[in-house]
Every structure is written in structure tokens, then in C-alpha cells.
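Colleague: Below you will find the structure I want to go over with you.
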Amino acid sequence: MTKKLKIVLLVLLSLISVFFAEVISGSMKYPLFDIWGYFVVIPLYGLHTIILLYIITKNLPNKKIMFSVLYFAGVLFGLYEAYLTKVLWVGLSEDAFILFNISIIDYMVLVFFWHPIFSFIIPALVFERVITNTNYLYQGLPKFIRNILEKKYGLFFVMIIIGFFSAFNGIFQTLTISELSILIPILLILLWIYRKGINNKYSFYEILPSKKGIIMSSMYLSLIYIGLGLFFKPEILTIENQIPIWLSYLVFGYLFYGKLKRNKQEDESLEKQDGTNYKIILIYCFIIVFSGVMFVVLLWFLGIKDIMLITTWILWIITGVYMLIYSLLK
């Protein structure tokens, strides 16, 4: 594989992560039209995803990857909301519920649910499906999730749910333009890849950077942490409120290491996949955008946006706690 191709594929992986994590949530609507997006947001999501996948695939070559490994990697990913955005300390709203110096609701939603699923696991699964020739990540999903995805309309249902989540982020014109502003470049890159016959030709292990590339990626990511950690709202940092975050890194880092070690006992998996037709990808993207617009109109027409938002956050917390417990036990 040429260096140019590897860079294109890794940029694609980064954009997919940004789409699901930032654009769907409305945290950053136009990452490709903002210098902050190019130098911070896209590298932030891309490098987290790349480095974590490198650690996983380096330790688990040719093995199906347990969901718990992906989940705790995603939890570590989500902890960036402490030092980079300070959200885990101050919350997303002025009346955040602070417990043990942590905005506990934001912590449970972002660390236990949103970032593990939307920043890491979904983007990695999408990339694996449309680009790589193996399905090691997919094989490790819980059986009931695979049963849903393997049903005729299972993926359509998932895309509708994602569209629903995006509906809380503004009027339908803004939502549509925001999603299309990053989906179109993603689809154009995919079209080039499909026309070149590159899709489903390489494994994750072959696509991810070399050891030297990972060192350089880690250095760039460290600069982002240092820069935002020290110069963005530095007055928030105290020894007392950092202790729960330090403990979180220690606990979830230990759990991630333990699950990796246990996963090494799995038998080698040689199952290959044929990938997804490009037209199907277009349909999935259309469903996300169209369902998002329809839910925006519905929530506005019924006047229940705030009620549904609160209900959705509660469901996210419940789902995040369930996934945490599931991953601890598996």
C-alpha cells in the first residue's frame, strides 16, 4: 500500500468519526469550513480512533475483537472531554449537577455512551465494513446486536435512530446543510476508492500507520491536549477536581488492558467479507439525513422537542450504564 493511499484512508476514517460524533450531535456543524476543524477537531477524533485501533489490532492480529475491548477504548476516548473541553467538570448547561467535582450527568452520557458508540465503535465498524476485507470488530458485537443488523431492515432502523438523534440540533435547513457538508466529501472519497477497486482489499492492520506514524500521531495528539488543557479555561483546573479524572483513566485503562489480555485467548478468525455496495451506502446516508429532517418537523409540530430531548438523555444514560455493566461481565 502506498503512503498516499494510506493517508487518504486514514483521513476518511477521521471524517467518519467526526460525522457521527460532532455533526450528528450538533457540537460542530461545519468542521470542513472552519480552521479549528482542520487543526483540532478532525485530528482529535481521527488520532484517537487511529491510535486506539492500532493498539487493539497490534495486540489482537487475526482475532475477533470483543465488544468490551472496543467499549473501554471508547470510554478512554471520551475522557478527553475533561482536559480539552472541561465539560466533565463544568457541564454543558449552567445548572449542571456536580457530584465529586464532576458534572455527573454529562460524564455518564459522554463517557459511558456517546463517545464509545458514536466517536469510536460506529465509525470503526462503518470503516471496517466499507473499506477493510475482514470483520473482526463486527464478529465481537453482542449477538443480539448482530441479529438486528443482519435482519433485512435492521440497518435501516439504526440509520433512522441516528437521524432521530440529529434532530435535536436545529431547524431542518441547518441540519441538512450541516450533514451534507461532510457527507458529500466522504461519499466522494468512497466513490474514488470503489472505482479504484481498493475497497475490501486491505485489513485494518495494513491500513493503520506504522510504529513511526503512531509515534508522530501521539505527539500531535499530545500537543492538542497540552494546548487546550493549559490554555482553554485553565482556571477550572484544580487538584481536587482532577483526582476523579485521574482515577477514571487508571480504572478504565486497567479494564481496557485486562480485556485486551483476555481477548488474546480467542481463536484466530479468518472470516472475510465482501463489503457493501456503493448504492446501498448512498441509501443509508439518505435515510440519516431524511429521517433527521422528518423528526425535526415532527418535534416542532408537536412541540415536544424538550420532552423528547430529556427522555433521550435518560435513555442514553441507561444504555451507557448497561453497556458498562455488560462489558465488565463479558
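Colleague: Can you put Trp114, Trp316 in order, fewest other beta carbons within 10 Å first? Walk me through the numbers before you get to the answer.
Modeller: Details: Trp114 24, Trp316 19.
In order of increasing Cβ crowding within 10 Å: Trp316, Trp114.
Colleague: For the stretch 1-52, what is the convex hull (Cα atoms) projected area averaged across all directions, in square nanometres?
Modeller: Details: hull surface 14.8 nm².
Projected over every direction and averaged, the Cα hull of the stretch 1-52 covers 3.7 nm².
Colleague: Hey, fewest Cβ within 10 Å first, where do Lys330, Lys196 land in order?
Modeller: On the way: Lys330 14, Lys196 10.
Ranked by crowding around the Cβ, least crowded first: Lys196, Lys330.
Colleague: Another question, if that's okay. Taking the Cα centre as origin and putting +1 on Lys and Arg beta-carbons and -1 on Asp and Glu beta-carbons, what dipole magnitude results for the chain, to the nearest 20 debye?
Modeller: Numbers: 27 positive and 18 negative charges, 277 e Å.
Its charge dipole is roughly 1340 debye.
Colleague: What is the Cα coordinate range of the stretch 41-129 on the first, second and third principal axes, sorted by size from largest, in whole angstrom?
Modeller: 47, 25, 20
Colleague: Would you tally the net charge around Leu141, using a Cβ to Cβ cut-off of less than 13 Å, leaving Leu141 out, and scoring K and R as +1, D and E as -1? If you can, show how the numbers build up before the last one.
Modeller: Details: positive: Lys64, Arg129, Lys143, Arg146, Lys330; negative: Glu128, Glu150.
Net local charge, Leu141 excluded: +3.
Colleague: What ranking of Ser68, Ser218 emerges when the number of other C-beta atoms within 10 Å of each C-beta is taken as an exposure proxy, fewest first?
Modeller: On the way: Ser68 24, Ser218 14.
Listed from fewest to most nearby Cβ atoms, that is Ser218, Ser68.
Colleague: Give me the dipole magnitude in Debye, nearest 20, for the stretch 64-169 about the Cα centre, with unit charges on the beta carbon: positive for Lys and Arg, negative for Asp and Glu. Don't skip to the end; give the middle numbers.
Modeller: Numbers: 7 positive and 6 negative charges, 125 e Å.
That gives the stretch 64-169 a dipole magnitude of about 600 debye.
Colleague: List every DSSP H helix in the chain whose Cα atoms extend 24 Å or more along the helix's own long axis and whose mean Kyte-Doolittle hydropathy is at least -0.5. Before the final figure, lay out each step's value.
Modeller: Values: long enough: 42-59 (26 Å, 1.17); 172-196 (35 Å, 1.37); 211-231 (30 Å, 1.23); 239-263 (35 Å, 0.17); 278-302 (36 Å, 2.46); 305-329 (36 Å, 1.56).
Those that pass (Cα extent of 24 Å or more, hydropathy at least -0.5) are 42-59, 172-196, 211-231, 239-263, 278-302, 305-329.
Colleague: List the lysines whose Cα sits under 20 Å from the Cα of Lys261, skipping any in the same chain fewer than 8 residues away.
Modeller: Lys58, Lys63, Lys64, Lys330
Colleague: Expected output is a single nm value to one decimal: the length gained when fully extending between Asp274 and Lys330, i.e. 0.36 nm times separation in residues minus the C-alpha distance. What is it? Spell out each step's value before the answer.
Modeller: Values: separation 56, 0.36 × 56 = 20.16 nm, distance 2.89 nm.
In short, 17.3 nm is gained.
Colleague: Could you list, bin by bin from short to long, the percent of Cα-Cα pairs of the stretch 138-194 in 5 Å steps?
Modeller: 4, 15, 15, 16, 18, 20, 10, 1
Colleague: Right, another one. Sort 287-295, 16-24, 40-48, 54-62 by the packing proxy (mean of other Cβ within 10 Å over each peptide's residues), most packed first.
Modeller: Numbers: 287-295: 19.4, 16-24: 25.3, 40-48: 22.4, 54-62: 17.8.
Peptide ranking by packing, descending: 16-24, 40-48, 287-295, 54-62.
Colleague: Once the piece of chain linking Leu309 and Phe144 is laid out straight, how much longer is it, given 0.36 nm per residue of separation minus the C-alpha distance between them?
Modeller: Details: separation 165, 0.36 × 165 = 59.40 nm, distance 2.62 nm.
Answer, rounded to one decimal: 56.8 nm.
Colleague: Same structure, new question: May I ask for the net charge around Ala96, where only other residues with Cβ less than 14 Å from the Cβ of Ala96 are counted and Lys, Arg are +1 while Asp, Glu are -1? The partial results should precede the final answer.
Modeller: Details: positive: Lys86; negative: Glu81, Glu94, Asp95, Asp106.
My count for the surroundings of Ala96 gives -3.
Colleague: To make sure I understand the rule: partners must be aspartates and glutamates, Cα under 20 Å from the Cα of Lys151, and not fewer than 8 residues away in the same chain. Which ones qualify?
Modeller: Answer for Lys151, where 20 Å is the Cα cut-off: Glu128, Glu271, Asp274, listed by chain and number.
Colleague: Determine the gain in length on full extension of the stretch Ser218-Ile35; use 0.36 nm per residue of separation and subtract their C-alpha separation, reporting nm with one decimal. Don't jump to the answer; show the numbers that get you there.
Modeller: Values: separation 183, 0.36 × 183 = 65.88 nm, distance 2.09 nm.
Result: 63.8 nm gained on full extension.
Colleague: Over the chain, one equal point on each Cα, no solvent: what is log10 I(q)/I(0) by the Debye formula at q = 0.09, 0.13, 0.15 Å⁻¹?
Modeller: Debye output, listed in q order: -0.46, -1.03, -1.44.
Colleague: Take the alpha-carbon centre of the stretch 265-330, take the same for the stretch 124-203, and report the distance between them in whole Å.
Modeller: 10
Colleague: Please list the radius of gyration and Dmax for the stretch 108-228, considering alpha-carbon atoms only, with Å as the unit.
Modeller: Just the Cα atoms of the stretch 108-228 yield Rg and Dmax of 17.1, 47 Å.
Read-outs throughout are calculated quantities, based only on the coordinates presented, and are distinct from any laboratory measurement. Since the structure is predicted, the reported quantities are computational estimates derived from the model, not experimental observations. Note that each Cβ is placed from the backbone with ideal geometry, even for glycine, and that neighbours are counted across all protein chains shown.
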